[in-house]
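Colleague: Could you have a look at this structure, given as structure tokens, before my questions?
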Amino acid sequence: MSFQFKNLTDETRELMKSEVSSDIQSKLLYYSKRFCEAGHLLYAELLVESIKKGNEQSLAAALKEKKCFADTEPRNTKKGIVP
């Protein structure tokens, strides 16, 4: 089930794209700790593409298809980080 963005117009998409572009240039775009190397390389591009002509589901599908997430993630324990 996708979100219902009732006011998602072309103008809104352009504003979103501008904001994300600004974050990318300023190095303020958030990258998930769960991204693997591919995720860090592709996320910004996939996000912008999704803003232009997609939605949250198309972004999630693209991230999954491009294998942007690590298979495992480290755990923080009392003895330190466990891979």
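Colleague: Find, among the chymotrypsin sites (Phe, Trp or Tyr not before Pro) in the chain, those assigned to loop by DSSP (not H, G, I, E, B) with at most 16 other beta-carbon atoms within 10 angstrom.
Modeller: Phe3, Phe5, Tyr30, Tyr31
Colleague: Here's another thing I want to ask about it. Under a Cβ-Cβ cut-off of 11 Å, what is the net charge of the residues other than Ala44 that fall near it, where Lys and Arg count +1 and Asp and Glu count -1?
Modeller: Every neighbour counted, the sum reads -2.
Colleague: Calculate, in nm to one decimal, what Lys17 and Lys66 gain on full extension: separation in residues at 0.36 nm each, minus their alpha carbon distance. Could you put the intermediate results ahead of the total?
Modeller: Numbers: separation 49, 0.36 × 49 = 17.64 nm, distance 2.13 nm.
Between Lys17 and Lys66, full extension yields an extra 15.5 nm.
Colleague: Of all accessible surface on the chain at a 1.4 Å probe, what whole percent is carbon and sulfur?
Modeller: 54
Colleague: OK, next. Whole number in Å², please: accessible area per residue of the chain, 1.4 Å probe, ligands, DNA and RNA not counted.
Modeller: 86
Colleague: Can you tell me the Rg and the Dmax, both Å, for the Cα atoms in the chain?
Modeller: Rg then Dmax for the chain, in Å: 15.5, 51.
The values are calculated or read from the model by the stated rules, or taken from the named source; none is laboratory data. From a predicted model like this one, the values you see are computed outputs, not experimental measurements. Reconstructed Cβ throughout: ideal geometry from the backbone, glycine too, with neighbour counts over all protein chains shown. The protein model used for the area step is the full one, side chains on, heavy atoms only, and it has no ligands, DNA or RNA in it. Shrake-Rupley method; radii C 1.70, N 1.55, O 1.52, S 1.80 Å.
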